[in-house]
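The values are calculated or read from the model by the stated rules, or taken from the named source; none is laboratory data. Everything numeric in this text was worked out from a predicted model, so none of it was measured. Using ideal geometry, Cβ is built from the backbone for each residue, glycine included, and neighbour counts are taken over all protein chains shown. Ligands, DNA and RNA are stripped out before the accessible areas are found, and what is left, the full protein with its side chains, is counted by its heavy atoms. Shrake-Rupley method; radii C 1.70, N 1.55, O 1.52, S 1.80 Å.
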Amino acid sequence: MFKKILIANRGEIALRVLRACKELKIQTVAVFSEADREALHVKEADEAVFIGPASSLKSYLNISNILTAAVQTGADAIHPGYGFLSENAQFAETCESLGLMFIGPSSQAIETMGDKAKARKTMLEAGVPVVPGFSEVYNDQEMADRAEEIGYPVLIKASAGGGGRGMRIARNAEELTEAVQGAQKEAQMFFGNPELYLEKYLEEARHIEFQILADKHGNVVHLGERDCSLQRRHQKLLEEAPSSVISPKLREKMGLAAVQAAKSVNYSSAGTVEFLLDKNNNFYFIEMNTRIQVEHPITEMITGIDIVKEQIRSAAEEPLRYKQKEIQIAGWAIECRINAENPEKDFMPSPGMIEMYQAPEGSGIRVDSAVCQGSVISPYYDSMICKLIVWGETRQKAIKRMEKALSEFKLEGVSTTIPFHLKVLGNPFYLRGKVSTDFIERCVLS
Ligand code: ADP
């Protein structure tokens, strides 16, 4: 097992990884930017190294400063958390070459899955169903021909895309040109890569993703699904596990496809295979995230497995400790992402000082956060304040518990998404589990 892990991240995920390290009796090194001098992850770690100014480009994305910190403190592994460098194949490769273990899959697996068009092709070859579409589209005419071929509506996506960016729907040939231009511009701006690909746009689909655990000895299991259909602009806001529309039989079938997807790239860490599920229960691969995800706690709540600890163990070359048949799902878990955003004003970020902070407590409640009273939500980073996660014996009990926990949450000084979550939970369609990826925009915000 590792002796010392450097955590190349900030916020709640840095603290989450710190806790796992402490339980495994591993020393920790935090890194921090100018804006995070007073941050909790800095205080909780055994050591902390300053890595640059507030701007992420100069600190949390600064490979050379982070690697210097790791070498100087004698760390033997690096946990990248999510976001920042977590899916940067070059970073993983540089870690490998310096003899630092990157806690994640191989750089090749990151690279294959990071290029979405390449990932589509790899999945097709592995026999995993993908959304009807085309991985390689070279010019406007070809785009128009291919779109006709698969039939409108179509979705134009950036090969290097992420976070819902670089994606545009075209409902007919007239809309196509503008959609392509928009997607291209965004792809260039955010990812420095204008490459696009084309998919059939699946209406009223659900986003169902499978948590994977894999080791370096070829063993792969899945920990069941998460339903992340509640999204705004293709970004998740509220997640639950299991999904109310997945029968044990469908779980087995989709789980098998997810394991197959992971095996096809020799996956060897925690990861997530994302699918869209249509109204007829046909499922299609959309992408694989090769890192720990924001919403991993709901899977931990229903399986009792600590995914971060397993991820660290697998990086240390320990064999998986679970066989597929030993993994049991119990009860229901829901996560609400509490962001410093104003839902009344188009979810505009609301940075500032948290003047009052009292999180709900009690049986079945978990709060993953990195803030306390007096903490400042910085405009430099994402606007998440914390994640509120609840567990209940049934979906209904979990919803009730979440409603109560949200109402008890005392958070003042910044606007938050708490009122929005309460609105979703009270929606009769949500209560009946009748949602899809366009539900929020169609039924809650309209
Ligand atoms: P990103 O990496 O930007 O998050 P994804 O490919 O994971 O992009 O897609 C994000 C979301 O966009 C999905 O959860 C879904 O809501 C929507 N989406 C993606 N592909 C399709 C599609 N072919 N049809 C309908 N919706 C889609």
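Computed from the C-beta positions of GLN141 and ILE169, the FRET efficiency with R₀ = 25 Å rounds to 0.80. Shape summary of segment 18-59, radius of gyration then Dmax from alpha carbon positions: 11.1, 32 Å.
Which whole-number percent gives the relative contact order of the chain, counting Cα pairs below 8 Å spaced six or more residues apart? If you can, show how the numbers build up before the last one.
On the way: 965 pairs, mean separation 62.9, N = 446.
It rounds to 14 percent for the chain.
Rolling a 1.4 Å probe across all protein chains gives GLU408 an accessible area of roughly 80 Å².
Which shape class, rounded, prolate or oblate, goes with segment 78-118 when its Cα gyration tensor gives a ≥ b ≥ c as root eigenvalues, a/c under 1.5 marks rounded, and past that a/b bigger than b/c marks prolate? In terms of gyration-tensor shape, oblate.
Once you order the gyration tensor axes a ≥ b ≥ c over the Cα atoms, which shape class does segment 102-246 get: rounded for a/c under 1.5, otherwise prolate or oblate by comparing a/b with b/c? Walk me through the intermediate numbers first.
Numbers: a/c = 1.84, a/b = 1.47, b/c = 1.25.
Note, shape of segment 102-246 comes out prolate.
Accessible surface ranking for TRP391, TRP332, 1.4 angstrom probe, highest first: TRP391, TRP332. Post the alpha-carbon centroid distance, segment 405-438 to segment 147-193, in whole angstrom. After rounding, the separation between the Cα centres reads 30 Å. These residues, THR68, THR290, go from largest to smallest accessible area, 1.4 Å probe, as THR68, THR290. Once a ≥ b ≥ c are taken as the square roots of the eigenvalues of the Cα gyration tensor of the chain, is the result rounded (a/c under 1.5), prolate (a/b larger than b/c) or oblate (a/b not larger than b/c)? It comes out rounded by the Cα gyration axes. Considering only PHE439, ILE377, PRO419, the residue lying farthest towards the positive end of the dipole of segment 343-443 is PHE439, judged by Cα position with unit charges set on Cβ. Taking the 1.4 Å solvent-accessible surface of the chain as the whole, the part contributed by carbon and sulfur is 49%. Accessible surface for the chain, divided over its residues, is 42 Å² per residue with a 1.4 Å probe. Amide H contacts of THR416: GLU341, each under 5 Å away and 5 or more positions distant or on a separate chain (H built 1.01 Å from N in the peptide plane; Pro and chain starts excluded). Put the Cα centre of segment 279-333 next to the Cα centre of segment 22-72 and the gap is 27 Å.
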